[in-house]
Amino acid sequence: MGFFDTEKGVDEYTKMAEGYDGTELIKILQEYLSEKSTVLELSMGLGKDLDILSKTFTVTGSDNSQGFLDKYKKENPEEGLLKLDAITLSKDRTFDCIYSNKVSHHLTREGLSKSMRMKCTN
C-alpha cells in the first residue's frame, strides 16, 4: 500500500496542498482548447483542479490512489471517476486532452517515458 492509499497520507497531502491549485495552467489550456472539450485529469489528487476544469470542459477525474478517489467521491458522489495508472493509461476511452499537474515528479524516468508515449489509432 502506497502513502497516498492511506487515510493518513491523504490527510497529510491535504494539509500540504492547501492554497495550491492549477488555475494559471488551466487559463493557458483554455486558450488552446474549446469549451466542452473532453479532458482527462490524470492523477487528480484532491480534485481542486478537476473542479476548476469542470467549469469549462467535460472532465473526467482519475487517480491511482483509491484514498484520493474515495475522499473526492464522498463530497461529489455523482462524479464518474477512474482508477487509473499514470504510466499505462489503460482505459478504453479517448479524450481531447490529458491534463496533469504535480504528477510527473512522482514517476521514475522509465515510468515518465512510458507515460508520455502516445498510441494513436485510426
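The values are calculated or read from the model by the stated rules, or taken from the named source; none is laboratory data. Fair warning: this is a prediction, and the values are worked out from it, not measured in the lab. In this analysis, Cβ positions are derived from the backbone assuming ideal geometry, glycine residues included, and neighbour counts consider all displayed protein chains.
Computed values, structure above
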{"quantity": "Of all residues in the range 40-57 being of a type in the set (A, V, I, L, M) and modelled with pLDDT under 95, the one that is surrounded by the most Cβ atoms within 10 Å (Cβ to Cβ)", "calculated": "MET44"}
{"quantity": "Selection within the range 80-90 - over 10 Å from the mean Cα position of the chain (by Cα) and in contact (Cβ under 8 Å) with a residue 24 or more places away in the chain", "calculated": "ILE87, THR88, LEU89"}
{"quantity": "Scan of the range 68-81 for residues that are touching a helix residue (DSSP H, G or I) at 6+ places or on another chain (Cβ under 9 Å) and surrounded by fewer than 21 Cβ atoms within 10 Å (Cβ to Cβ), ordered by number", "calculated": "ASP70, LYS71, ASN76, GLU79, LEU81"}
{"quantity": "Residue in the range 32-46 that is among the acidic types (Asp, Glu), touching a residue at least 24 places away in the same chain (Cβ under 8 Å) and either in contact with a His (Cβ under 8 Å, 6 or more places away or on another chain) or assigned to a helix (DSSP H, G or I) (or both) present", "calculated": "no"}
